[in-house]
Amino acid sequence: MSKPTALASVSSFADLPELYAELTATPDFVASFGDPLPLTIIDAAEEPAEHTMPDPIAAQAECGGIVAAIFDLLTDTRLDPLAPELAWGFVNSFHFVANKLESREDRLADTLRDMARRLEPGEVFNKELEDTQLECQSVAEQRAAMEAMRDYAAAMYRVCAGRPWSPAKGSRASHVTTASQISALDFLRARSERRRDRYDPQGPVVVVSGPADWHDWRILWNRLDQIRTRIPNMVLVTTGQRLGVDAAAAAWAAQRGVVCIAFGLYGRGKGKGFKRNRDIAELMPVEAILCEGSGIQSSLYDLFNPSQGHRVPTHVFLATDQEPDVPIKKKRRIIAA
């Protein structure tokens, strides 16, 4: 597959040619496609049978190619603003199917646990047990493949759109990669219930927060890289905005394979932002980056620098610390050249 010609649509968050040139399957795809079960049950009503998996190199290339083709087709036309929406929907289709498969996998796992408790002698029960186990394994294999394709399509979306892909609600947790974006609601529920390990990542928490109108992502990425050098197993926590500082931090996490937890605003009533700040502080973060913004950032700064209690080393960036903004069209021309 040749490199796409529409490099004018690429954001400076990453380098599309470099990403697109990787035409050998990544470890995520090899893990999900390269070692299929000898037998599989692809539908609950079917008997076990042999079925091949798609070629991992082709699957990876097509997932990236479709997203790139959407931007290639619509860039510099009247439909240019709609390209991110269409590409978002393509990535979300994998996410939707993966979530359905995960729910089915959970139900089958519950059935297996019940069957194990009432283990009965006899060929009929043994056949039912074996088929249920194989179906659960087959669904897990399908779900892992959907997640691998979703994650690679999401990586291409981030490259083309200049911001990370995230679902409209809920989490984008992955079994095959650490680059997960987890909703705070799922994270807190998993912590209290120990529901699923992948929704409760373990590691030192680093917090990033700032305004939506922040444009200098490089200053954030450089400082996050420095922190990750010292804390390689860090978990990133943001205040959940889709623009500005939080979006830049989420893009960095996706690029570096770091788990990102988005603490959005949930519920009704006044003071939601300050309650969210207290929830973040209770995670006992080890370091923080705060960019000059609203009272939300000021509140976090006060929580992280108390006169007594848990003090958090905090890196503060003022709005005047940013490099001058470059208009997006100029950015595109620079990259295309």
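Scanning region 52-90 for residues that are closer than 27 Å to A140 by Cβ, among the β-branched types (V, I, T) and at pLDDT below 90 returns T52, I57.
Yes or no, residue by residue, for (1) in a helix (DSSP H, G or I); (2) within 30 Å of P164 (Cβ to Cβ); (3) touching a Cys at 6+ places or on another chain (Cβ under 8 Å):
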position	(1), (2), (3)
G65	yes, yes, no
W88	yes, yes, no
S93	yes, yes, no
D110	yes, no, no
D114	yes, no, no
P121	no, no, no
V124	yes, no, no
E135	yes, no, no
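Residues in region 295-317 that are among the polar types (S, T, N, Q), in a loop (DSSP other than H, G, I, E, B) and at pLDDT 80 or above: N305 only.
Per-residue answers, yes or no, for (1) polar (S, T, N, Q); (2) on the phi < 0 side of the Ramachandran plot; (3) assigned to a helix (DSSP H, G or I); (4) out of contact with any helix residue (DSSP H, G or I) (no Cβ under 9 Å at 6 or more places or on another chain):
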| site | (1), (2), (3), (4) |
| --- | --- |
| V207 | no, yes, no, no |
| W214 | no, yes, no, no |
| Q226 | yes, yes, yes, yes |
| T229 | yes, yes, yes, yes |
| N233 | yes, yes, no, yes |
| A248 | no, yes, yes, no |
| A254 | no, yes, yes, no |
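Of the residues examined, V208 is not one that is surrounded by 23 or more Cβ atoms within 10 Å (Cβ to Cβ) and modelled with pLDDT under 85.
Inclusion of Q226 among residues that are among the polar types (S, T, N, Q) and either farther than 29 Å from A153 by Cβ or crowded, with 22+ Cβ neighbours inside 10 Å (or both) is warranted. Here A148, A44, A109 are screened, and the one residue that is buried (at least 18 other Cβ atoms within 10 Å of the Cβ) and either in contact with a helix residue (DSSP H, G or I) (Cβ under 7 Å, 6 or more places away or on another chain) or of a type in the set (V, I, T) (or both) is A148. From the residues in region 265-292 that are of a type in the set (A, V, I, L, M) and modelled with pLDDT of 80 or more, which one is surrounded by the fewest Cβ atoms within 10 Å (Cβ to Cβ)? Per the stated criteria, the residue is M284. Scanning region 29-51 for residues that are modelled with pLDDT of 75 or more, part of a loop (DSSP other than H, G, I, E, B) and under 26 Å from the mean Cα position of the chain (by Cα) returns a single hit, P36. Condition check: surrounded by fewer than 22 Cβ atoms within 10 Å (Cβ to Cβ), modelled with pLDDT of 55 or more, closer than 17 Å to S103 by Cα and not β-branched (V, I, T). Does A168 satisfy that? No; evaluated as a whole, the condition is false for this residue. Test L134 against the criterion of being within 20 Å of E50 (Cβ to Cβ) and either assigned by TED's automatic domain parsing to the domain that holds P84 or surrounded by fewer than 21 Cβ atoms within 10 Å (Cβ to Cβ) (or both), and give yes or no. Yes: the conditions hold for L134.
Pairs linking a residue in region 43-55 that is in the same structural domain as T132 (by TED's automatic domain parsing) and in contact (Cβ under 8 Å) with a residue 24 or more places away in the chain to a residue that is surrounded by 10 or more Cβ atoms within 10 Å (Cβ to Cβ) and in a loop (DSSP other than H, G, I, E, B), with Cβ atoms under 7 Å and 6 or more positions apart or on different chains, are P48/L39; P48/I41; M53/P36.
The values are calculated or read from the model by the stated rules, or taken from the named source; none is laboratory data. This one's a predicted model, so the numbers in the text were calculated from it and none came from an experiment. Because the Cβ atoms are built from the backbone with ideal geometry, glycine has one as well, and the counts that use them run over all protein chains shown.
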